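Trainee: If you scroll down you'll find the structure; I have some questions about it.
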Amino acid sequence: MPQADGSLLFDSKLDLAGFEVGVNMVSDLVSGVGEKLKGLASSVLQTGMDFTASMSEVQALSGATGKELEALTETAKEYGASTQFTASESAQALKYMALAGWDTQQMTAGLPGILSLAASSGMELAQASDIVTDYLSAFGMEAEQSAYMADLLSYAQANSNTTGEQLSCQYTRCRTVRRNDNGSACNDGKSRF
């Protein structure tokens, strides 16, 4: 029988299994949040790079510099923030306007009509821009009439069994006839399509 010497013995082993499970859970959670933040940051950077690349194209095609480029950039950002379209999509629409030879004032004035057509027809914004700029040119209309052209296309689509893309094909055929006829697209404010 052991003799008592006045000392106490304690079992100092701790059961750390639950603690380790908790630490692993927190570690996994932090790691998951970190990955999501990394993905978000990557997405934001990519969006910014896409917008910058689109505006570089607009600048190269339009020749806009300084205040003109600043106005176009702010226009794309404004419509990106206030419509269903992103700033990059708005910049792509501006690109097609620049390809059509529109100047800064024409592009900033024409973008709302093009946005309206794209929204009402469900087509891509760049495609709507391409269509409107082509038709205005084909029918001898000015860039400031883009809202009117967009309204014509939207009205025709809404009141017929036709999509914006189908109308696009028909207007392409129609413009050849109009050019050969030396006519204008409008008479007394009413369409003669």
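Per-residue answers, yes or no, for (1) within 28 Å of Gln59 (Cα to Cα); (2) of a type in the set (Ser, Thr, Tyr); (3) modelled with pLDDT under 85:
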position: Trp102; (1), (2), (3): yes, no, no
position: Gln106; (1), (2), (3): yes, no, no
position: Ala119; (1), (2), (3): yes, no, no
position: Glu124; (1), (2), (3): yes, no, no
position: Ala128; (1), (2), (3): yes, no, no
position: Val132; (1), (2), (3): yes, no, no
position: Ser137; (1), (2), (3): yes, yes, yes
position: Leu152; (1), (2), (3): no, no, no
position: Ser160; (1), (2), (3): no, yes, no
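Trainee: Among the candidates Ala158, Ala118, Ala128, Ala147, which residue alone is open to solvent by 20 Å² or more (accessible area, probe 1.4 Å) and under 21 Å from the mean Cα position of the chain (by Cα)? Let's see the steps before the verdict.
Mentor: Details: Ala158 fails: under 21 Å from the mean Cα position of the chain (by Cα); Ala118 fails: open to solvent by 20 Å² or more (accessible area, probe 1.4 Å); Ala128 fails: open to solvent by 20 Å² or more (accessible area, probe 1.4 Å).
Exactly one residue qualifies, and that residue is Ala147.
Trainee: With respect to Ser168, is the statement that it is surrounded by 14 or more Cβ atoms within 10 Å (Cβ to Cβ), in contact with a Ser or Thr (Cβ under 7 Å, 6 or more places away or on another chain), modelled with pLDDT of 60 or more and of a type outside the set (Phe, Trp, Tyr) true? Please lay out each step first, then the result.
Mentor: Details: surrounded by 14 or more Cβ atoms within 10 Å (Cβ to Cβ): yes; in contact with a Ser or Thr (Cβ under 7 Å, 6 or more places away or on another chain): no; modelled with pLDDT of 60 or more: yes; of a type outside the set (Phe, Trp, Tyr): yes.
Judged against the criteria, Ser168 is not a match.
Trainee: Which of the residues belonging to the range 63-82 are open to solvent by 40 Å² or more (accessible area, probe 1.4 Å) and among the hydroxyl-bearing types (Ser, Thr, Tyr)?
Mentor: Residues satisfying the conditions are Thr65, Tyr79, Ser82.
Trainee: With touching an Asp or Glu at 6+ places or on another chain (Cβ under 7 Å) and of a type in the set (S, T, N, Q) as the only criterion, which of Thr65, Thr104 stands out? It would help to see each step written out before you state the result.
Mentor: Details: Thr65 fails: touching an Asp or Glu at 6+ places or on another chain (Cβ under 7 Å).
Sole residue among the options that is touching an Asp or Glu at 6+ places or on another chain (Cβ under 7 Å) and of a type in the set (S, T, N, Q): Thr104.
Trainee: Residue check, Met123 against (1) within 16 Å of Thr75 (Cα to Cα); (2) open to solvent by 10 Å² or more (accessible area, probe 1.4 Å), all met but one. Which one?
Mentor: (1)
The values are calculated or read from the model by the stated rules, or taken from the named source; none is laboratory data. Keep in mind it's a predicted model, so treat the numbers as computed, not measured. Every residue, glycine as well, gets a Cβ built from its backbone with ideal geometry; the counts of neighbours run over all protein chains shown. Only protein heavy atoms, including side chains, enter the accessible area calculation; ligands, DNA and RNA are left aside. Shrake-Rupley method; radii C 1.70, N 1.55, O 1.52, S 1.80 Å.
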